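Data first, discussion second: the structure below is written as structure tokens.
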Amino acid sequence: MLTLTNFLTVTGAAAITTALGVLIKALWKTAPEPWSTWALGEVVVFVGDVLKGPITIRDVLLLFVSGMVVAATALASQTGV
């Protein structure tokens, strides 16, 4: 079960991103694959950090890089799906 603690890990965020990516592809057949996954990864990371508490300007760059790592992990795991 995903809790807030493991939701904020790379594995938890990548699992959520992969699941949302599959859902988006089911609803929107022509979704641009790497771009939609990258956007979902960024959104999942930002939402996860906002749930944790307020973010600062310094956190935005770190969250952006973290979102790219999550998106790369999700894209690599989607090849198995």
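The values are calculated or read from the model by the stated rules, or taken from the named source; none is laboratory data. Note that the coordinates shown come from a computational prediction; the quantities given were computed from them, not determined experimentally. Just the protein is used for accessible areas: all its heavy atoms, side chains included, with ligands, DNA and RNA removed. Shrake-Rupley method; radii C 1.70, N 1.55, O 1.52, S 1.80 Å.
Heavy atoms of the protein only, probe of 1.4 Å, neighbouring chains included. What is the accessible area of S77 in Å², nearest 10?
50 Å²
Helices from the chain with mean Kyte-Doolittle at least 1.0 and a Cα length along the axis of 24 Å or more, per DSSP H: which?
Within the chain the helices that satisfy the rule are 10-27, 57-78.
Once you've got the GNM for the chain with C-alpha springs shorter than 10 Å, pick whichever of L27, L40, L63 has the biggest mean-square fluctuation.
Judging by the Gaussian network model, the answer is L27.
Once the cut-off is 19 Å, how many percent of the Cα-Cα pairs in the chain end up in the long-distance tail?
For the chain, the fraction of Cα-Cα distances above 19 Å is 33 percent.
Rounded to the nearest 10 Å², what accessible area does K52 have for a 1.4 Å probe in the complete protein model?
130 Å²
From largest accessible area down, sort T17, T56, T30; use a 1.4 Å probe on the protein chains.
T30, T56, T17
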